[in-house]
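Data first, discussion second: the structure below is written as structure tokens.
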Amino acid sequence: MTTYPHKFKFYLDENFPVPAGKFLKSRGQTVVEGLKILKKPGLTDQKHLETCIKEEAILLAFDRDFIIDSKYQEMIRKSYGVILIEATDTKPKTAQRILVKVLKKLTKNSIKGKICCASIDKIKFIEPKDI
């Protein structure tokens with residue numbers, strides 16, 4: 001099992017695969033599931049982002065709204081960061097492969113207030129103003 005030098009708290013968006021969260025836990029990371037905290041499916045992206053800020057966690061999502069919709073810019077700047085997994089499928093194994101690469105590059109300074117767009121081929125940190 002690989003461990004990583006930095007420990008983070010991750011928040012799983014309701015559409016993020018729980019097995020990928022379990023994978024992160026097995027790597028020594030703290031993981032909270034949005035559905036378990038909020039107890040109501042179908043809540044807005046804004047509600048999940050607000051909860052991440054309260055939980056002091058990094059949001060994990062497949063939802064491109066965080067990068068497309070400028071209404072999230074200010075909230076992202078106040079957040080612990082958003083990791084947007086960019087993949088053609090939302091299978092847990094795909095997310096896990098990408099998360100392994102992200103964990104190798106992730107630091108609190110690199111993600112705080114930013115979006116990390118991550119795919120199998122690239123990892124890019126974006127300031128919300130650059131959206």
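Readers should treat all values here as calculations from the given coordinates under stated rules, not as data from a laboratory. Just so it is clear, the model here is predicted, and its values are computed rather than measured. Positions of Cβ are backbone-derived with ideal geometry, glycine not excepted, and every protein chain shown enters the neighbour counts.
For the chain, hydrophobic long helices are taken as DSSP H runs at least 18 Å long by C-alpha position along their axis with mean Kyte-Doolittle hydropathy of -1.0 or more; these are 92-105.
Residue farthest toward the positive end of the dipole of the stretch 20-93, with Cβ of Lys/Arg at +1 and Asp/Glu at -1: which of 82, 32, 48? Toward the positive end, the furthest listed residue is 32. Exposure proxy shown here: for 30, 88, the number of other Cβ atoms within 10 Å sets the order, fewest to most, as 88, 30. In whole angstrom, the stretch 12-99 maps to an equivalent ellipsoid with semi-axes of 19, 15, 12, each derived as √(5λ) from the alpha carbon gyration tensor and ordered largest first.
Over the chain, Cα pairs under 8 Å with separation of 6+ residues give a relative contact order of 24 percent. To the nearest 20 Debye, how big is the dipole of the stretch 47-119 about its Cα centre, given +1 on the beta carbon of each Lys and Arg and -1 on that of each Asp and Glu? With only Lys, Arg, Asp and Glu charged at Cβ, the dipole is about 360 debye.
Under the convention that each Lys and Arg Cβ holds +1 and each Asp and Glu Cβ holds -1, the size of the dipole of the stretch 9-130 around its Cα centre is about 560 debye.
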